[in-house]
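The values are calculated or read from the model by the stated rules, or taken from the named source; none is laboratory data. Fair warning: this is a prediction, and the values are worked out from it, not measured in the lab. All Cβ positions, glycine included, derive from the backbone under ideal geometry; neighbour counts span all protein chains shown.
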């Protein structure tokens, strides 16, 4: 039952995120990202039981590797396009990685 409750919580936060996309269409964030931010805020504030969400998230995370298969196929299918824009893709990857590291460090510093 814990897993079902957790799954419903995950779905509810996803739905809330999709609703925020409709309310704020000018903000360039997807509904799933909005949902994750809201879920993190609720967990960090102690409003949700971590165990319930974790029970639902574990099976999803176990299959995480399979979710990247379509991306790999897409990269192979558009290899010529990727080669033509390799510089821009590399720059986006480096900047995205640095931004993620900075946000993670800031979040960790804020939490401690």
Task: Where residue 40 falls short, out of the listed (1) exposed (fewer than 12 other Cβ atoms within 10 Å of the Cβ); (2) part of a helix (DSSP H, G or I); (3) within 18 Å of the chain's Cα centre (by Cα); (4) outside the structural domain of residue 108 (by TED's automatic domain parsing) - done: (1)
TODO: Could you please give the count of residues in region 84-110 that are at pLDDT 90 or above, over 18 Å from the mean Cα position of the chain (by Cα) and either in a helix (DSSP H, G or I) or outside the structural domain of residue 72 (by TED's automatic domain parsing) (or both)?
DONE: 8
Open item on the list: Pairs needed: first member in region 20-46, in contact (Cβ under 8 Å) with a residue 60 or more places away in the chain; second member anywhere, assigned to a helix (DSSP H, G or I) and exposed (fewer than 11 other Cβ atoms within 10 Å of the Cβ); C-beta distance under 9 Å; at least 6 residues apart or different chains.
Closed with: 44/111
Task: Every residue from region 47-59 that is free of Cβ contacts under 8 Å to residues at least 24 places away in the same chain and either surrounded by fewer than 12 Cβ atoms within 10 Å (Cβ to Cβ) or assigned to a helix (DSSP H, G or I) (or both) - done: 47, 50, 58
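Do we have residue 73 as over 16 Å from residue 13 (Cα atoms), in a helix (DSSP H, G or I), more than 15 Å from the chain's Cα centre (by Cα) and modelled with pLDDT under 85 here?
no
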Task: Pairs with Cβ under 7 Å, 6+ apart, first in region 61-76 and not assigned by TED's automatic domain parsing to the domain that holds residue 6, second modelled with pLDDT of 85 or more - done: 75/82
